[in-house]
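Have a look at this one.
Any read-out appearing in this document is the output of simple, stated calculations on the displayed coordinates, not a laboratory observation. Remember, predicted model here, so these are calculated numbers, not experimental data. When we count neighbours, we look across all protein chains shown, and the Cβ atoms used for this are built from the backbone with ideal geometry, even at glycine.
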Amino acid sequence: MSAPEHEAIMRTEERRRIVSWCDKLFSVPSAGFGLEPHFASGSSLLDSLSPLLNKIAADTPTNITVEKNEPFAFEFSGDDGFKYGIDFHRVFVNFQHKMRFRSVSGGLPVGELLSSAQPYTTLLPTILDRLVEATLCLPRSKERHITRTGIVSTTDVDEKDLPPGLTRLITYFRRPWIDVTGGFSVNITGIVDNNDEHTDRCIHQIKKSDDQENTMLSVKLDWQRNYRKIKPITKDVLKEELERARRSALAYFEDVGEGNRFDEEILRSTTNS
């Protein structure tokens, strides 16, 4: 068996083991880097991204939509669902499903999904590869450094389909009241790991609309690694840091889904021991 084949098998096994709930619920990934501040005009950012835009157009013919072109910031997206954003202190890539309406003779327009629906752990590596490409296109990238790496999971889900960990978390916050029938918004930032190289934290956001007809929850887990020593922007460094971040973020997301950290019996026994 060749090395690439072995690596592909290992990645498949890892996807089966990690983030099963994100794959099952078709969570949407995002990723980004925090950067040392550098102020460049929107037109300068567009010029620097020109090779990337040409590559995207050549690889997958798609309509490019400029969503923001402001002083120090530029954002664009394609029909394939990938959105890029750059400003003076960050660069990010995320995924948003795109649709268009097609006219039908003698009937109402029909919605057509332009982007491809893929499981979270299948789509995430593509997001990370695109992030590396975009970061290397930044103005004066060879002189700059990354200060933070972030990986995000965003999920729209019915409450009955939540993984057990998030169900326990929501149940805990509802306990002080007789009933919570309306909408709510929970936002918690917690330190996940802290060592000599970096500090990892995760921002947990859970929201439910007041609209009684909409039972869906929005669950966003924003995992971030802040470096104690900034990292240079080179292809090898970016890929290495993203791979490390990917493994740590996915392991944490699965831990949140399993819910042991929200189990009161486990917490009580750990505190008393």
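So how far apart, in nm, are the two label points at A58 and T171 if each is 7 Å from Cα heading toward Cβ?
Result: 5.5 nm between the two label points.
So if I place +1 on the C-beta of Lys and Arg and -1 on the C-beta of Asp and Glu, and nothing else carries charge, what would the dipole magnitude of segment 121-233 be about its Cα centre? I want it in debye, nearest 20.
Its charge dipole is roughly 620 debye.
About its Cα centre, what dipole magnitude does segment 21-268 give when the only charges are +1 on Lys and Arg Cβ and -1 on Asp and Glu Cβ, stated in debye to the nearest 20?
480
How long is the gain from V186 to S43 if the chain were fully straight, where each residue apart is worth 0.36 nm and the alpha carbon distance is subtracted? Walk me through the numbers on the way to the answer.
Values: separation 143, 0.36 × 143 = 51.48 nm, distance 3.83 nm.
Gain on stretching V186 to S43: 47.6 nm.
Could I ask something else about it? Which residues' amide hydrogens lie under 5 Å from the amide hydrogen of A73, considering only partners 5 or more residues apart or on another chain, with H built in the peptide plane?
Amide H to amide H, under 5 Å and 5 or more residues apart or across chains, A73 pairs with G42.
In whole Å, what is the distance between the alpha-carbon centres of segment 186-234 and segment 33-89?
Taking the Cα centre of segment 33-89 as reference, the centre of segment 186-234 is 24 Å away.
Would you tally the net charge around S153, using a Cβ to Cβ cut-off of less than 11 Å, leaving S153 out, and scoring K and R as +1, D and E as -1?
With Lys, Arg at +1 and Asp, Glu at -1, the net is -2.
Among all the lysines, which ones have a C-alpha under 23 Å from K55's C-alpha, if same-chain residues fewer than 8 places away are not counted?
K68, K83, K98, K142, K235, K239
Something else about it: Collect residues whose amide H, placed 1.01 Å from N in the peptide plane, falls under 5 Å from the amide H of G34; neighbours closer than 5 in sequence don't count.
Close amide H contacts, sequence-distant or interchain: T147, R148, T149, G150.
Among F253, P125, Y227, which residue has its Cα positioned farthest towards the positive end of the charge dipole of segment 118-273, with +1 placed on the Cβ of Lys and Arg, -1 on the Cβ of Asp and Glu, and the dipole taken about the Cα centre?
The listed residue farthest towards the positive side: Y227.
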